[in-house]
1. Under the condition of being among the β-branched types (Val, Ile, Thr) and touching a residue at least 40 places away in the same chain (Cβ under 8 Å), which residue from segment A:1-59 is nearest to the other protein chains (Cβ to nearest Cβ)?
2. For residues that are surrounded by fewer than 19 Cβ atoms within 10 Å (Cβ to Cβ) and either touching a Lys or Arg at 6+ places or on another chain (Cβ under 6 Å) or at the interface with chain A (Cβ under 8 Å from one of its Cβ atoms) (or both), tally how many sit in segment B:106-129.
3. Against the definition (touching a residue at least 12 places away in the same chain (Cβ under 8 Å), β-branched (Val, Ile, Thr), within 30 Å of A:PHE19 (Cα to Cα) and not in a helix (DSSP H, G or I)), how does B:VAL106 come out, yes or no?
4. Working only within segment A:55-70, note down all residues that are outside any loop (DSSP other than H, G, I, E, B) and surrounded by fewer than 15 Cβ atoms within 10 Å (Cβ to Cβ).
5. Name the single residue, out of those in segment B:40-95 being among the polar types (S, T, N, Q) and under 21 Å from the mean Cα position of the chain (by Cα), that is farthest from A:GLY20 (Cα to Cα).
6. Looking at (1) more than 9 Å from every other protein chain (Cβ to nearest Cβ); (2) buried (at least 16 other Cβ atoms within 10 Å of the Cβ); (3) of a type outside the set (Ser, Thr, Tyr), find the lone condition where B:ALA132 falls short.
7. From the list A:THR67, A:THR45, which residue is under 19 Å from the mean Cα position of the chain (by Cα) and either modelled with pLDDT of 90 or more or not basic (Lys, Arg) (or both)?
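The values are calculated or read from the model by the stated rules, or taken from the named source; none is laboratory data. Remember, predicted model here, so these are calculated numbers, not experimental data. We place every Cβ from the backbone using ideal geometry, glycine too, and count neighbours over all the protein chains shown.
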Amino acid sequence: MELIAEILVSALLVIAGLFGLLGSWGLVKLDDTMRRLHAPTKATTLGVGGVLIASMIYFAVFLDHLTFHELLITAFLFITAPITANFVAKAHMHRDIKERDLPPTGGQYGWAGYDEIGDAEQPIDTK
Amino acid sequence: MLKAILNRIIPHPQLTGFLLLTWLLLVNSISTGNVLLGLIIGLLIPGITQPFWPDRPKIARPLKAVEYVLLVLWDICVANVTVARIILFKSNANTHSHWIVVPLEVRSPEAITILAGTITMTPGTVTSMLAADASHLLVHCLHTDDPDAVRDEIKHRYERRLKEIFE
């Protein structure tokens, strides 16, 4: 039982480390801000996720007490990571991307960062 | 009358339960004191923040929500490997990035937020912007040869389920 747990924990740590490394490598290798944004999303999901699962197994098997902090960390990460990515993307688009470079919305109004519409027509605050 | 009073004290019953659960996970022990403290937090925070949050999201089918979470977790694992392969084995010139426009059918802000978050968390796609009238979502895709297929998958796999959960 302990051996299986040890193997599992080590494997998870190595996999997580590899994905973390890959995320950083992608950040260096890719050549455009929008593309670069894809790399860190990997490091946070499988990279951090693997370490957290390994930590849970380790504490449960070897130190005999179950912790749930890892679940909370995962939850907080899942809430904050997309928002950060969205902020970075929006900031980049405002600085460097013209509206004509984007595909049209296909709807009545343009993209939120470029088009102003009155409060009355705005069902949700999209800014 | 009783309902109105109860509504006053507990404006968001689910949020109260959720905060209590979060607090217990945070302190990592279940004792009377901690449950009481968690309840106090769970009652205070919804009470204070209620003016900012007048409509509470309705979750029509909680079981579907659980299924959705599991599905997204699985997709994250699969997509991680896909993107890892793109980063490792494809040159920059060979990577075909695309903007994808996803027309939205879901209307509630919560559903759109969760959909946008899901798209970002499944690697390979990042949500970039929402149309000014919240009718379309602008998504950046790292590598695809068929942008329409990606759009259809997002709509079919995630949006359809979210629609079932929230409406």
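1. Looking at residues that are among the β-branched types (Val, Ile, Thr) and touching a residue at least 40 places away in the same chain (Cβ under 8 Å), I get A:THR41.
2. 2
3. No: the conditions fail for B:VAL106.
4. A:ALA60, A:PHE62
5. Filtering first and then ranking leaves B:GLN50.
6. Result: B:ALA132 fails condition (1) only.
7. On inspection, the qualifying residue turns out to be A:THR45.
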